[in-house]
Amino acid sequence: MAKTDIKSMNIEDLQLFMADLGEPKFRAKQLFEWMHQKQVSSFDEMTNLSKGLREKLQQNTTLGGVEVVRLLVSQIDGTRKYLFALENDLVIESVLMKYEHGNTVCISTQAGCRMGCRFCASTIDGVERNLTAGEMLSQVYEIQKDCGERIHGVVLMGSGEPLDNYGNVIKFIHLINHPDGQNMGQRHITLSTCGLIEKMYQLEEEHLQITLAVSLHAPNDAIRKEIMPVAKANPMDRLLAACLYYTERTKRRITFEYAMIEGVNDSDDCAKELAGKLREMLCHVNLIPVNDVKERDYMKSSAERVKRFAAILQGSGVETTIRRKLGSDIDAACGQLRRSHRKGERE
């Protein structure tokens, strides 16, 4: 019989579960604090729970943990890239990025991805399964324990499309935000989507204070469909309408991610067309020189071209930055470490 995933439960769910085990309600909060505040990795560490209860939990539940398979540390900027194994031996990636304002982790929401973006290594083998909220939390907790420093922010921008794993991602946000747990402010959480329009409208109804990042990567449908298959079902006019609606309802600025691909989407005309569509929106454009992926034939734009593109957007009144590349010596781009690990297993 499958064990119950308790790390993905809120306190109310844990209270019901404790009652089913014949335990008093107050045990739920104790259990919650062990998992999310003290972030233990075994039931034996939960010393204020009776031995009998710990044995019941061991037999009937799982803590939804992850185990470090490989760790790469950048000698340039201290970025740490983790390859984690899940309980069923699938592997995922996470990255710790150190900034002056604090530590941010980029975590995976799925093992693999089915969105098919042409410039991304995560999607080459498709999606294997969704991660639970507990497995997302475990990525944050294990990195925090490994580096010995508090994690201040989370970016849902690793392997997978967060809105394709909607329910578990929403659970994760509420759990990491909980005052009896990590107590991370929602404004320190960024959710990145390739633009699943109906899910974006659903997300607005959650009334969250997170930052929404939309992977745009093109100024029009013709280019976007070429590099992002998801654009065929989510055309740009409807996508931008959803983004405008989201900003107006939440009063939260949207970030548009734009991967700069040489000769594909980086021309002056592309910049001008993009500026025309975004200048009236509460938004910010983040230009990202695309990472070279061996299995793909796209190359990143030159530094001069990226700067020119940014200047055109800024000159049109669109707030724009160029992402600083972290961990360039350890292949810190999404999907690369997992891809090389899987390839090694098959060889």
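The values are calculated or read from the model by the stated rules, or taken from the named source; none is laboratory data. The structure presented is a predicted model; accordingly, all values stated were derived computationally and were not measured. For neighbour counting, all protein chains shown are included, and Cβ atoms are generated from backbone atoms with ideal geometry for every residue, glycine included.
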Single match in LYS29, LYS3 (criterion: surrounded by fewer than 20 Cβ atoms within 10 Å (Cβ to Cβ) and at pLDDT below 95): LYS3
Residues within segment 58-87 that are over 20 Å from GLU128 (Cβ atoms) and among the aliphatic types (A, V, I, L, M), tallied: 5
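Collect the residues in segment 204-239 that are among the aliphatic types (A, V, I, L, M), over 15 Å from the mean Cα position of the chain (by Cα) and either under 26 Å from LEU137 (Cα atoms) or not assigned by TED's automatic domain parsing to the domain that holds CYS283 (or both), keeping them in residue-number order.
LEU208
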Single match in GLU280, GLU248 (criterion: out of contact with any Cys (no Cβ under 7 Å at 6 or more places or on another chain), surrounded by fewer than 15 Cβ atoms within 10 Å (Cβ to Cβ), at pLDDT 95 or above and farther than 18 Å from MET115 by Cβ): GLU248
Matching residues in segment 78-104 - criterion: being surrounded by 18 or more Cβ atoms within 10 Å (Cβ to Cβ) and acidic (Asp, Glu): GLU93
Top-ranked residue in segment 209-244 [being in contact with a Lys or Arg (Cβ under 6 Å, 6 or more places away or on another chain) and among the basic types (Lys, Arg); ranked as surrounded by the most Cβ atoms within 10 Å (Cβ to Cβ)]: LYS225
Residue among ALA213, ALA231 that alone is part of a helix (DSSP H, G or I) and either at pLDDT 95 or above or closer than 15 Å to VAL169 by Cβ (or both): ALA231
Which numbered condition GLY158 misses (of (1) farther than 30 Å from ILE124 by Cα; (2) crowded, with 18+ Cβ neighbours inside 10 Å): (1)
Candidate set: segment 36-91, residues that are among the hydroxyl-bearing types (Ser, Thr, Tyr) and part of a loop (DSSP other than H, G, I, E, B); chosen: the one farthest from GLN144 (Cα to Cα): SER50
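Considering segment 245-260 alone, what residues qualify as being of a type outside the set (S, T, N, Q) and touching a Lys or Arg at 6+ places or on another chain (Cβ under 7 Å)?
MET260
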